[in-house]
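In what follows, a single structure is set out as structure tokens and then discussed.
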Amino acid sequence: MTAQLRAAFDNAAKENRAALVAYLTFGDPDPKTSIDIVEAVAQAGADVIELGVPFSDPSADGPSIQRAMERALIAGASLPGAIAAVAELRRRGVKTPIVLFGYYNPMFVMGPATFAERAARAGIDAVLTVDLPIDELDELAGPLATYGVSVIPLVAPTSTPDRIARLAGLHAPFVYYISLTGVTGSRAAAPVDPARLAQIRTASGSPVAVGFGIRTPDDARRFSAVTDGVVVGTALVDRVAAGDAAGAPARVAELVRALAAAMTRS
Amino acid sequence: MSTADEIAKLIEPTRGRFGEFGGQYVAETLMPAIAQLETAWRVARDDASYWAEVDDLLKNYVGRPSLLYHARRLSAEVGADVYLKREDLNHTGAHKINNCIGQAVLARRMGKRRLIAETGAGQHGVATATVAALFGLPCEIYMGAEDVVRQSLNVERMKLLGATVHPVESGTRTLKDAMNEALRDWVTNVSDTFYLIGSVAGPHPYPWMVRDLQSVIGREARRQILDIAGRLPDALVACVGGGSNAAGLFAPFVDEASVRFVGVEAAGEGVESGRHAATLGAGRIGVLHGSKSYVLTHEDDERMGQIAHAHSISAGLDYPGVGPEHAAWKVSGRAVYVARTDDQALAALELLARTEGILCALETAHAVAALDEVASIVGKSGVIIVGLSGRGDKDMVTVAQRRGALP
Ligand SMILES: Cc1ncc(COP(=O)(O)O)c(C=O)c1O
């Protein structure tokens, strides 16, 4: 389902702005509320939803998302639950492309083929697996491709040109560029070199979304000027936790509206 | 034969894997660092000057070779000829230092200025802090908050050695969470930091490199048993947490079909109780901390793929993963894996103390606890080498509490 994701980026480009990719952890603060949050975020103008599957050992995430995942697991969230949540969002008429984000073990235990089939049926467009670098990606990307679900690869500041060149074969709907070495939410985003982004775009043949440390509409505006997409995660997750569950959808949607408004390039 | 020649005979993983196990399941940010480490390791592994430096430190600082001791009273008790490979006599009191020396020498060659490590029982943390002091490198240790309490003496040792100890409050607050936190540190500080992993776990090349560095146990034992008993052993027995002391003892004997390998995992309160760390015995294939191997993981819908809590009286075996080469040995049948409970380990610790005057670590005691079963297979005239991975001082509080001598 590369087409819908590509369309989201193309649309944004036509409107002279970067696409807004909003990350949320499924199940935080509880499964039901988190579905409402995603629906509200879609209505508030996110172009792409990145839905995190909670994992007991999120070794690439910082404190905010770690705690969100812990809350979600305590509230009973799971990989099958996250897939069912996407199906529910589609039933509610949410058309926004959804990328399932997660660690590999739950997908592996479900079985890559079963996972791919269920993800496709639920209406998941793509999967981003933090601990499957391109070298190990085939074992999941293969089954996903069979069911028309794409994969989103990560590129880091440390990625070498030869590694980036290997992404071309994936025909990914977009590439996620991590703007800094570190875990999610650890530091303020460092400015990215437009030449670096151009290199990734050319080598991979995909639009590039930049994430890690982008929190405010001001940050979003700065990044929108140079990238195809802007990923905001920790700031939204912090909003979820900043009050009661009932108010969470409105709290998060408010920030998403402000971020979306900041995307248009001057 | 030179060390480099002996090491060259050990099996190399194929494309980072032992059979289907191993690999590099890590965040993209770390991939270049791991590739750099693999290249550095390949060069060092073939380099006589690297091994000269390592061997010199093992001899003059660690106190190697460690003794292979014929435990006659224990032999009579279990019904076979038992030899103890005395890693407990190493400087810092366990086999962990063998690996730390090798990785620290490599870190220095690579120009890395800062060491980080995870630790469970604290033995690896102490060994890392020790080599950091020896090499004059800053050192930070991640340790689960629960283990910080269980192994408070080792925390003090690390601090005395100049290391900073970070208690890890996330997850189960044990070894696996310490490893998550160390990975987060590495991702953040990857350019100047060397992550000194303490077992044959983690992404390739760690399982390979750590096994090679620990193979000094088996390489010495092989020479020693031929010297003392005039023949190869019938069985090798070692405890398995991540699996480094076992892999180090077993690997140099891989081609000797007559030598059985027995790995002993922690059955905790009993495998059927669900509170255990018998990853190979009761787990399934999964992906944790960078490699595909056996893991303790849930399979039901509600918790599918979440890592399960491990439990053992010994913090060093309290880990829901295991090295990929052990997974390959299990699947191929080259090694068998059994499990012993907390109570059986405690009884074995007491048995070894009374029969031989040796107080071993609780981890090690699991291996001792399997001796009667192994003896019944190899018979009275059979020769068994046990990896005596560490000494028991660190466990005296736990043992005293279990015996009712301390509250
Ligand atoms: C004395 C001792 N033996 C064994 C272990 C388990 O580690 P491994 O299985 O890697 O040898 C530990 C770990 O801390 C230990 O301290």
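If you roll a 1.4 Å probe over chain B with all protein chains in place, what percent of the accessible area is carbon or sulfur?
In chain B, the share of accessible area belonging to carbon and sulfur is 51 percent.
For residue B:353 and residue A:258, FRET efficiency with R0 = 45 Å and r from the beta-carbon atoms, rounded to 0.05?
Working from the Cβ atoms, E equals 0.10.
I'd like the projected area of segment A:35-192, averaged over all directions, using the convex hull of its alpha carbons. Report it in nm² with one decimal.
Here the figure is 9.5 nm², rounded to one decimal.
For segment B:66-182, what is the charge dipole size about the Cα centre, in debye to the nearest 20, if Lys and Arg each add +1 at the Cβ and Asp and Glu each add -1 at the Cβ?
That gives a dipole near 500 debye.
Determine the shielding of peptide A:131-142 by partner chains: average, over its residues, the number of Cβ atoms on other chains within 10 angstrom of each Cβ. Display every interim value, and only then the final one.
Working: counts 12, 7, 11, 2, 11, 10, 0, 0, 3, 0, 0, 0.
Average per residue, whole number: 5.
Could you look at segment A:145-195 and say what percent of its accessible area is carbon and sulfur, using a 1.4 Å probe and all protein chains?
Using a 1.4 Å probe with all protein chains present, segment A:145-195 comes out at 61 percent carbon and sulfur.
Take the alpha carbon atoms of chain B, find their radius of gyration, then divide it by 2.2 N^0.38 Å using N residues; give the quotient.
Scaled against compact globular proteins, the figure is 0.90.
Just the projected area, averaged over all directions, of the convex hull on the alpha carbon atoms of chain A: how many nm²?
Mean projected area for chain A: 12.0 nm², to one decimal.
How would you rank B:313-324, B:122-133, highest first, on the average number of other Cβ atoms within 10 Å across their residues?
Ranked from most to least packed, the peptides come out as B:313-324, B:122-133.
Suppose R0 equals 25 Å. What FRET efficiency, 1/(1 + (r/R0)^6) with r the Cβ-Cβ distance, do residue B:232 and residue B:76 give to the nearest 0.05?
Taking R0 as 25 Å, the efficiency between residue B:232 and residue B:76 is 0.65.
Determine, at each q value in 0.09, 0.20 (inverse angstroms), the log₁₀ of I(q)/I(0) that the Debye formula gives when each Cα of segment B:122-247 is one equal point scatterer.
Those come out to -0.32, -1.19, one per q.
Sorted from largest to smallest, which semi-axis lengths in Å does the alpha carbon gyration tensor of segment A:108-257 give for its equivalent ellipsoid, taking the root of 5 times each eigenvalue? Don't skip to the end; give the middle numbers.
Values: eigenvalues 140, 105, 33 Å².
Semi-axes from the Cα gyration tensor: 26, 23, 13 Å.
Do any residues of segment B:27-50 lose at least 40 Å² of accessible area when the full set of protein chains is present rather than just their chain alone, and if so which, with a 1.4 Å probe?
With the partner chains in place, segment B:27-50 has these residues losing at least 40 Å²: B:28, B:29, B:31, B:32.
Residues of A:159-172, mean number of Cβ from any other protein chain within 10 Å of their own Cβ, rounded to a whole number?
Rounded to a whole number, the mean comes out at 1.
Before we go on, tell me the buried accessible area for the B/A pair, both chains summed, 1.4 Å probe, in Å² to the nearest 100.
Counting protein atoms only, the buried area is about 3000 Å².
With viscosity set to 1.567 mPa s at 4 °C, what whole-number translational diffusion coefficient in µm²/s follows for segment B:46-184 from Stokes-Einstein and a Kirkwood radius over Cα pairs? Before the final figure, lay out each step's value.
Working: Rh = 16.2 Å.
Answer from the Stokes-Einstein relation: 80 µm²/s.
What are the ³J(HN,Hα) values, in whole Hz, obtained from phi via the Karplus relation 6.51 cos²θ - 1.76 cosθ + 1.60 with θ = phi - 60°, for each residue of segment B:384-400 in sequence order, with x given for Gly and Pro?
Result, ordered by residue: 10, 10, 9, x, 8, 5, x, 8, x, 3, 4, 9, 4, 5, 4, 5, 4 Hz.
Starting from the Cα of residue A:265, step 7 Å toward the Cβ, then list every residue of segment A:189-218 with an amide N under 18 Å from that point.
From segment A:189-218, the list is A:191-203, A:205-211, A:218.
What's the center-to-center distance, using Cα atoms, between segment A:137-197 and segment B:252-312 in Å?
Taking the Cα centre of segment B:252-312 as reference, the centre of segment A:137-197 is 32 Å away.
With θ set to phi - 60° and the Karplus curve 6.51 cos²θ - 1.76 cosθ + 1.60, what are the ³J(HN,Hα) couplings of segment B:241-253 in order, to the nearest whole Hz, using x for Gly and Pro?
Running phi through 6.51 cos²θ - 1.76 cosθ + 1.60 with θ = phi - 60° gives x, x, x, 7, 6, 5, 5, x, 6, 6, 3, x, 10 Hz.
Over 31 Å between Cα atoms: which of B:9/B:85; B:159/B:292; B:9/B:292; A:95/B:292; B:159/B:330; B:85/B:330 fall into that group? Numbers along the way, then the final one.
Working: B:9/B:85 22 Å; B:159/B:292 34 Å; B:9/B:292 25 Å; A:95/B:292 36 Å; B:159/B:330 39 Å; B:85/B:330 23 Å.
Where the Cα-Cα span goes over 31 Å, the pairs concerned are B:159/B:292; A:95/B:292; B:159/B:330.
Would you tell me the accessible area of residue A:83, worked out with a 1.4 angstrom probe on the heavy atoms of the protein chains, in Å² to the nearest 10?
10
Please report, for the Cα atoms of segment B:10-49, the Rg to one decimal and the Dmax as a whole number; what are they, in angstrom?
11.8, 33
How much accessible surface does residue B:396 have with a 1.4 Å probe, in Å² rounded to 10?
In the full protein context, residue B:396 sits at about 70 Å².
Two decimals is fine: what is log10 I(q)/I(0) at q = 0.19 Å⁻¹ for segment B:309-383, from a Debye sum with one equal scatterer on every Cα and no solvent?
Calculated log10 I(q)/I(0) at the listed q: -0.94.
Amide H neighbours of residue B:261 under 5 Å, at least 5 residues apart or on other chains, H built in the peptide plane: list them.
Hits under the 5 Å cutoff: B:236, B:336.
Using mean Cβ contacts within 10 Å as the protection proxy, how do B:236-243, A:205-212 order, highest first?
For the peptides B:236-243, A:205-212, the packing ranking is B:236-243, A:205-212.
How far apart, in nm, are two points set 7 Å out from the Cα along the Cα-to-Cβ line at residue B:52 and at residue B:9?
2.3
I'd like the carbon and sulfur percentage of the solvent accessible area for segment A:1-140, probe radius 1.4 Å, heavy atoms only, ligands and nucleic acids excluded.
Values: 2200 of 4270 Å².
Reported share for carbon and sulfur atoms: 52 percent.
Kindly identify residues of segment A:78-104 having a loss of at least 20 Å² in accessible area between the isolated chain and the assembly of all protein chains, probe radius 1.4 Å.
The answer is A:78, A:80, A:104 - residues whose exposure falls by at least 20 Å² when every protein chain is included.
What whole-number value in Å² describes the accessible area per residue of segment B:151-217 for a 1.4 Å probe? It would help to have the intermediate numbers written out before the result.
Working: 1800 Å² over 67 residues.
Averaged over the residues of segment B:151-217, the accessible area is 27 Å².
At 1.4 Å probe size, with every protein chain present, just tell me what the per residue accessible area of segment B:14-103 comes to in Å². Don't jump to the answer; show the numbers that get you there.
On the way: 3370 Å² over 90 residues.
Value returned for segment B:14-103: 37 Å² of accessible area per residue.
What is the diffusion coefficient of segment B:1-103 in µm²/s, taking the Kirkwood radius over Cα pairs and the Stokes-Einstein relation at 10 °C with a viscosity of 1.306 mPa s?
It comes out at roughly 95 µm²/s.
Output the antiparallel fraction of DSSP beta bridges having both residues in the protein assembly as shown, as a percent to the nearest 5.
Once the DSSP bridges in the protein assembly as shown are tallied, antiparallel ones form about 25 percent.
Just the number please: accessible area per residue for chain A, 1.4 Å probe, all protein chains included, in Å².
34
If you count only protein heavy atoms and use a 1.4 Å probe, how large is the accessible surface of residue B:159, to the nearest 10 Å²?
110
What number does segment B:264-407 give for Rg over Rh if you use C-alpha atoms and the Kirkwood radius? Provide the component values of the computation, followed by the final result.
On the way: Rg = 16.1 Å, Rh = 16.1 Å.
Radius of gyration over Kirkwood radius for segment B:264-407 works out to 1.00.
Non-local amide H neighbours of residue A:155 (under 5 Å, H modeled in plane, Pro and chain starts lacking H): which ones?
Close amide H contacts, sequence-distant or interchain: A:176, A:177, A:178.
Taking θ as phi - 60°, what are the ³J(HN,Hα) couplings along segment B:87-103 by the Karplus curve (6.51, -1.76, 1.60), each to the nearest whole Hz, with x for Gly and Pro?
Here the 3J(HN,Hα) series is 5, 5, 8, 4, 3, 6, x, 7, 5, 4, 5, 4, 5, 5, 4, x, 6 Hz.
Long-range amide H contacts for residue A:128: which residues qualify at under 5 Å (H placed 1.01 Å from N, peptide plane, sequence gap of 5 or more or a different chain)?
It is A:100, A:101, A:102, A:152, by chain and number.
Let me understand segment A:1-128 better: what is its radius of gyration from the alpha carbons, and its Dmax, in angstrom?
Rg and Dmax of segment A:1-128, Cα atoms, are 14.2, 42 Å.
Go through segment B:287-333 and flag every residue whose accessible area shrinks by 20 Å² or more with all protein chains in place compared to the isolated chain (probe 1.4 Å).
Listed in order, they are B:287, B:292, B:301, B:302, B:304, B:305, B:306, B:307.
Rounded to a whole number, what is D in µm²/s for the protein assembly as shown from Stokes-Einstein with the Kirkwood radius over alpha-carbon pairs (10 °C, 1.306 mPa s)? Walk me through the intermediate numbers first.
Working: Rh = 25.8 Å.
After rounding, the answer is 62 µm²/s.
Determine, for each peptide in B:211-221, A:155-165, the mean count of other beta carbons within 10 angstrom over its residues, then list the peptides with the highest first.
B:211-221, A:155-165
The values are calculated or read from the model by the stated rules, or taken from the named source; none is laboratory data. All values reported here derive from a predicted model rather than from experimental measurement. Note that we place each Cβ from the backbone using ideal geometry, even for glycine, and neighbour counts take in every protein chain shown. Just the protein is used for accessible areas: all its heavy atoms, side chains included, with ligands, DNA and RNA removed. Shrake-Rupley method; radii C 1.70, N 1.55, O 1.52, S 1.80 Å.
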